[in-house]
1. Using the Cβ atoms and a cut-off under 10 Å, what net charge is assigned to the surroundings of B:LEU114, where Lys and Arg are +1 and Asp and Glu are -1?
2. Once the dipole of region A:93-202 is set up with Lys and Arg at +1 and Asp and Glu at -1 on Cβ about the Cα centre, which of A:ALA130, A:PHE111, A:VAL166 lies farthest towards its positive end?
3. Per residue, how big is the convex hull of region A:345-413 when only Cα atoms are used? Give it in Å³.
4. Name the trypsin sites (Lys or Arg not before Pro) in region B:144-206 that are in a loop by DSSP and that have at most 13 other C-beta atoms within 10 Å, would you?
5. Short version: ³J(HN,Hα) in whole Hz for each residue of region B:54-61, in order, from phi by Karplus 6.51 cos²θ - 1.76 cosθ + 1.60 (θ = phi - 60°), x for Gly and Pro, what are they?
6. With springs only between Cα atoms under 10 Å apart, run a GNM on chain B and tell me which of B:SER228, B:SER45, B:SER112 wobbles the most.
7. Would you mind computing Rg(Cα) / (2.2 N^0.38 Å) for region B:249-301, counting N as its residues?
8. Step through the table entries A:LYS378/B:LYS60; B:LYS66/B:LYS96; A:LYS154/A:LYS182, compare each Cα-Cα distance with 18 Å, and write down the pairs that go over it.
Amino acid sequence: MYKTVLGAVLIVGITSSLTAQQTRADSIAKARADSIALVRELERMSRDTSRAQAPTGTQQGPTNPRLLPDFSAVGDFVGDLSPNGSTQENLCRFCVREVELAVQAAVDPFFRGDVFLGISDLEKISIEQAFLTTTSLPYGLEVRLGRQLLPMGKINVTHRHDLHTVEYPWIVQKFLGADGMKGTGVYVSKILAPFGFYQELIVTANDRIGEAPEDLVTEEAHNKELGGLAYHARFRNYLDISESSNFELSASALTGKTEQPVDVTTAGLPAGITAVNARQSLIGGDLTFRWRPLEQGLYKSLILQAEFMRQFNERLTSPGFLGPGRDFNGAYTFARWQLTQRLYLGGRYDWVQDPELNGETFTAGSGYLEWFPSEFSKLMVGYERTMPTGLDAVNRVLLQASFALGPHKPHPF
Amino acid sequence: MSYLKLAFAALALAGPARAQLKVVTSTTDLADIANQVGGAKVRVSHVSEGYQDPHFAEAKPSFILKMRDADVFAFVGLDLEIGWMPLLVQGARNPKIQMGGSGYLDVSQVISVLDRPSGNVDRSQGDVHPLGNPHYWLDPENGRRIGRLFKKRFSDLDPKNEDYYETNEKAFEAKLNNAERDWQSELRSLKGQPVVAYHTSWKYLAEYTGLNIVGFMEPKPGVPPSPSHLAGLILQMKRTSAKAIIMEPFYNRKDADFVSSKTGAKVVIMPPSVGGLRGKNIDHYIDLMKYDIDLLSNSLK
């Protein structure tokens, strides 16, 4: 603006000085030419982006002037129409399995914060996840502090309501917990690419393996010594095969001490003590293949996934030890094919040496039809046949409806 | 301690001079304009392809590798990339491209945005963009604004090459101005022509060309056509004599073909972005605009 005014003053000044020396007609022509030049200059300046931002852009003011965090909610409704009665934990035929409330935002220039609260009839209110993530560490490092879904295997980091099946695979349910395993502690991750493809090493130290069992009391806390904490690592390898297909091959390991039951009559432990601490470890490998042609990506896609885990259990020789007397293996394979823009067909086969049945084989086959009316709602119907060795097979008919409220969240990959 | 500082200073001085700026863009259109302005001083890559729906690109970890070293991440904004960009920006662990960083470049900041909703909005209106319509690159004036924005940001980050960026940006504008002069007769033929669009992505092109979009295949943004909506649309097209249904290559054309069979309108598959049709050599932003305008003009004759 200053330059414009100065230019105008100069032009007027120059024009005035010439007036004395030229004829009136000449001076009018000159003034007109100068005026046109001035207007063109103003037009040029108005086109200049750096000056045009404020009146024309979207950033006429912040879109979030009160710096509110993102609030969102997910409702997860489950129906169980199994022919021989409900197979849900609380035997409901229709239940709100969980409502998840999330609050997420940047905390300051150095951290972002994520809090997920789970509300359910069984667990009332619980802290599903609450963690602080660094945003400005050098060397591709990321550190998280707090509680989060533990990246033990591939599927455990997916929220249950985001699964392509109604429930977690049985190795997760049997080895990690019905609604997955969380870890509370420190998480450090580093991205590597020495071979030109994506690799990530994640190392965590957590207070314990899974949740504390309510009915097992030990003489000493499992984490009295630092060696009793749960230490975990995951190594991810992701590779694009083509622009449409890719795979991930990763490995995970976890070790820590956990409570195992004892026979109180023979264990010789003080009154009220019902368990001892014993080491439990898990190793696992997972492979995921994805195909999605970019041009028809709205309508076609395929996911193939397989995961294996082995649980190692310390067998204490102390009197009355009732913990697992062996190690257990488990695996699943899963496939999902996109039928239309909104409809998907999936199937899963599970095989687990069931710790609850002393390692007897538990197999299950299931199929799912998933329909997304939009990105924010999902309806699913599933059929599963579980076949535990030595017990009757169980047929399950499951329904799920879930919905998301609040800001658009990124699509999980 | 002072020795340590000296050692670090010596290392810093001994380090290589700054090479090219590494620029990652969300779309191919931004990538091409960044290349035009940055020339040999920048190395540009992009996330989504021109023949892919940019709303639904995937947050592949391989993109994180591109973004973790980027000096600039430029994106369309207005929530176009909301489905995947946050995972990549956070996953890249690169402070330069985090919000507030020197390389975080929301290109929509220099755009005069269309379709910005007024009043309350919610998802009953479909996959609505609360900040406005993000498909703004399909207006050459916005192409110029994007070019100037890149010039300014590249100059801020690499001031010693400011003149180079200025020269390139001016050359880009001159090429675009010349191209615009060349397609003026086609533009005149498009003015006022009634058409139907699949998605709201052609609003800026319509604003530029004077096309009259009389209806959309989608009843609401992001919602696939329903039979009742198509029935109403057919009536609307007959009433307004709409001659074409314009749509991107990544949408299923089955519904459009059905409407075409009932109305006689042509289904015109238009690339929405640079590289939007394989084998057509639409490698640059100006090529894209020219291709679309020529295609529309020929289709609506």
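Read-outs throughout are calculated quantities, based only on the coordinates presented, and are distinct from any laboratory measurement. Note that the structure is predicted; figures quoted are calculated from it, not measured. A quick note on method: Cβ atoms are made from the backbone with ideal geometry, for glycine too, and the neighbour counts reach across all protein chains shown.
1. -1
2. A:VAL166
3. Values: hull volume 8.3 nm³, N = 69.
Taking the convex hull of the Cα positions in region A:345-413, it is 120 Å³ per residue.
4. Those that pass, being in a loop and sparsely packed, are B:LYS191.
5. Couplings: x, 5, 10, 4, 9, 7, 6, x Hz.
6. B:SER228
7. Values: Rg = 12.3 Å, N = 53, 2.2 N^0.38 = 9.9 Å.
Expressed relative to 2.2 N^0.38 Å, the Cα Rg reads 1.24.
8. Working: A:LYS378/B:LYS60 23 Å; B:LYS66/B:LYS96 13 Å; A:LYS154/A:LYS182 13 Å.
Violating the 18 Å limit, Cα to Cα: A:LYS378/B:LYS60.
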